[in-house]
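Here is the structure we will look at, set down as structure tokens.
The values are calculated or read from the model by the stated rules, or taken from the named source; none is laboratory data. From a predicted model like this one, the values you see are computed outputs, not experimental measurements. In this analysis, Cβ positions are derived from the backbone assuming ideal geometry, glycine residues included, and neighbour counts consider all displayed protein chains. These accessible areas exclude ligands, DNA and RNA; they are computed on the full protein's heavy atoms, side chains included. Shrake-Rupley method; radii C 1.70, N 1.55, O 1.52, S 1.80 Å.
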Amino acid sequence: MLSRDVISTGSLILRPPGAGDVEAITAACGDPVIARFLPLLPSPYEASDARACLARAEDRWREGGAEFAITENGRWIGSVGVLPPDRWGTAEIGYLVAPWARGRNVAGEAVRAVCDWAFDQGVRRLELHSELENVASLRVAYKAGFHEEGRRREAKRLRDGRHADFVLFGRLAGDTVGDTGPYLPPFEGGQLSDGVVRLSPMTVADAADYLRMLNEPTVAAYSMAPAGTLEDAERRCRHTGYWWVSGQRIELAIREAVSGAFAGHIQLTQVAPVLGQAMVGYSLLAAYRGKGLMTRAVRLLVDWAFANTVLHRIVAGTNVDNAASQAVLERTGFLMEGVHREMLPRPDGKRTDDMLWARVRPS
């Protein structure tokens, strides 16, 4: 049984919710972002639904769990709930933040405080389940000291009938919570641009163009795997936010800066923190070649990486026959360091050499 307490974080007060919160809860739960990631909420969301939510909160307290209103200057701006711990001392935590309070680390601060409180109450382990596409929620989990422990494939059904993957996080009572930022921080403003090209995160809307690019013969000739289906491309695009916030890789669409048209794809992958190294890879639709767009894209991304991350080396590999890709790397400051003999498989079953390139952090 968790004690019915009030928690202060300094800027926030967490308390059991009450009747005075109905109006704010109703307004927040009518938000399309909250509705998107909480598919079981009624839609449209009415005041009667908020009152039913308060009744369920009281039930949770009686059953041994907890439900806190996150308040700022006395106003409800979100909630954090903890399910009753099981016989092994494990409980699940969940949260939401009103649209008018986002972007200020409200959820991260509140969740971290409730975790510390729960551990003081004797909870041994806390679990958190976040939909793979809910990047804001993923950021909260990492900031609050949770460790990613796995992925639950197609765990829940969304409003549109599609089943979504969920990321499983866990935090133990003895875990040390650091204050380090993400290994791969987000772009300031959400994109990079030099006025000619623009790099922005891949979205599901890019899937068809991305697949069309992979199927072009001049791209497929140097690809390591078949292009796959549109569903495969959409799945890859849905993973891009998760890969980025978890520090695994960055997947970007290359666009014309003015029109926004999809011109190609560039990635920062094979991120190895212990080495301070990552690999850049790229492909361009044939219609956009010969205009210097890829040179601009590679320069933008690599310059950003050295300015905003602790990466020391950016490497690249090119098929020994891919003169165009080698020229891009030479123009963007990469040096050829060696050759991996017969590393790359070819469609005819034979193998070809891979040229290794690298650019190191400027001294």
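Figure legend. Inter-residue proximity from region 17-42: first residues free of Cβ contacts under 8 Å to residues at least 60 places away in the same chain, second residues open to solvent by 40 Å² or more (accessible area, probe 1.4 Å), beta-carbon distance below 7 Å, spacing 6+ or different chains. Indicated pairs: Val22/Arg51; Ile25/Cys53; Thr26/Glu46; Gly30/Pro44. Residue check: is Asp354 charged (D, E, K, R) and open to solvent by less than 30 Å² (accessible area, probe 1.4 Å)? Spelling it out, Asp354 is indeed charged (D, E, K, R) and open to solvent by less than 30 Å² (accessible area, probe 1.4 Å). Screening region 190-214 for residues that are charged (D, E, K, R) and outside any loop (DSSP other than H, G, I, E, B) and picking the one that is most open to solvent (accessible area, probe 1.4 Å) gives Arg212. Name the single residue, out of those in region 310-345 being open to solvent by 90 Å² or more (accessible area, probe 1.4 Å) and at pLDDT below 95, that is farthest from Gln277 (Cα to Cα). Only one residue fits best here, namely Asp321.
Here region 215-244 is the region considered, the condition is being in a loop (DSSP other than H, G, I, E, B) and of a type in the set (Gly, Ala, Ser), and the residue that is modelled with the lowest pLDDT is Ala225.
Among the residues of region 138-189, those that are open to solvent by less than 80 Å² (accessible area, probe 1.4 Å) and closer than 21 Å to Glu234 by Cβ comprise Leu138, Ala155, Leu158, Gly161, Arg162, His163, Ala164, Asp165, Phe166, Val167. Scanning region 251-298 for residues that are in contact (Cβ under 8 Å) with a residue 40 or more places away in the chain and part of a helix (DSSP H, G or I) yields a total of 5.
The C-beta contact set for region 186-207 (first residue of a type in the set (Lys, Arg), second residue surrounded by 13 or more Cβ atoms within 10 Å (Cβ to Cβ) and assigned to a loop (DSSP other than H, G, I, E, B), distance under 9 angstrom, 6+ apart or interchain) comprises Arg198/Gln191; Arg198/Ala257. Trp244 meets all of the listed conditions (1) in contact with a helix residue (DSSP H, G or I) (Cβ under 9 Å, 6 or more places away or on another chain); (2) under 24 Å from Asn215 (Cβ atoms) but one, namely (2). Scan region 146-188 residue by residue and report those that are of a type in the set (Gly, Ala, Ser) and under 16 Å from the mean Cα position of the chain (by Cα). Selection gives Gly150, Ala164, Gly181. Among the residues examined, Glu109 qualifies as open to solvent by 10 Å² or more (accessible area, probe 1.4 Å) and under 23 Å from the mean Cα position of the chain (by Cα). Within region 267-290, the residues that satisfy the criterion of being surrounded by 22 or more Cβ atoms within 10 Å (Cβ to Cβ) and closer than 24 Å to His312 by Cα are Leu268, Ala278, Val280.
If you take the residues in region 91-106 that are of a type outside the set (Lys, Arg) and within 19 Å of Pro182 (Cα to Cα), which one is most open to solvent (accessible area, probe 1.4 Å)? Steps first, please.
To start, the set of residues in region 91-106 that are of a type outside the set (Lys, Arg) comprises 91-101, 103, 105-106.
Next, only the ones that are within 19 Å of Pro182 (Cα to Cα) stay: 103, 105-106.
Values: Gly103: 89, Asn105: 72, Val106: 6 Å².
Within region 91-106, the match that is most open to solvent (accessible area, probe 1.4 Å) is Gly103.
Criterion first (assigned to a helix (DSSP H, G or I), surrounded by 14 or more Cβ atoms within 10 Å (Cβ to Cβ), modelled with pLDDT of 95 or more and in contact with a Leu (Cβ under 8 Å, 6 or more places away or on another chain)) does Val80 satisfy it? Before the answer, list the steps.
Numbers: assigned to a helix (DSSP H, G or I): no; surrounded by 14 or more Cβ atoms within 10 Å (Cβ to Cβ): yes; modelled with pLDDT of 95 or more: yes; in contact with a Leu (Cβ under 8 Å, 6 or more places away or on another chain): yes.
Taking the combined requirement at face value, the residue does not satisfy it.
When you check Val310 against the structure, is it under 15 Å from Arg359 (Cα atoms), touching a residue at least 60 places away in the same chain (Cβ under 8 Å), of a type in the set (Val, Ile, Thr) and not in a strand (DSSP E or B), yes or no?
yes
Scanning region 227-264 for residues that are open to solvent by less than 30 Å² (accessible area, probe 1.4 Å) and of a type in the set (Asp, Glu) gives a single hit, Glu251.
Conditions tested, residue by residue: (1) under 29 Å from Gln121 (Cα atoms); (2) open to solvent by less than 40 Å² (accessible area, probe 1.4 Å); (3) in a loop (DSSP other than H, G, I, E, B).
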{"residue": "Ala28", "(1), (2), (3)": "no, yes, no"}
{"residue": "Leu40", "(1), (2), (3)": "no, no, yes"}
{"residue": "Tyr45", "(1), (2), (3)": "no, yes, yes"}
{"residue": "Glu58", "(1), (2), (3)": "yes, no, no"}
{"residue": "Arg62", "(1), (2), (3)": "yes, no, no"}
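Does Ser11 satisfy the criteria of being assigned to a helix (DSSP H, G or I) and hydroxyl-bearing (Ser, Thr, Tyr)?
Details: assigned to a helix (DSSP H, G or I): no; hydroxyl-bearing (Ser, Thr, Tyr): yes.
For Ser11, the condition - assigned to a helix (DSSP H, G or I) and hydroxyl-bearing (Ser, Thr, Tyr) - is not met.
Among the candidates Arg4, Arg87, the residue that is over 16 Å from Val140 (Cα atoms), open to solvent by 60 Å² or more (accessible area, probe 1.4 Å), basic (Lys, Arg) and touching a residue at least 24 places away in the same chain (Cβ under 8 Å) is uniquely Arg4.
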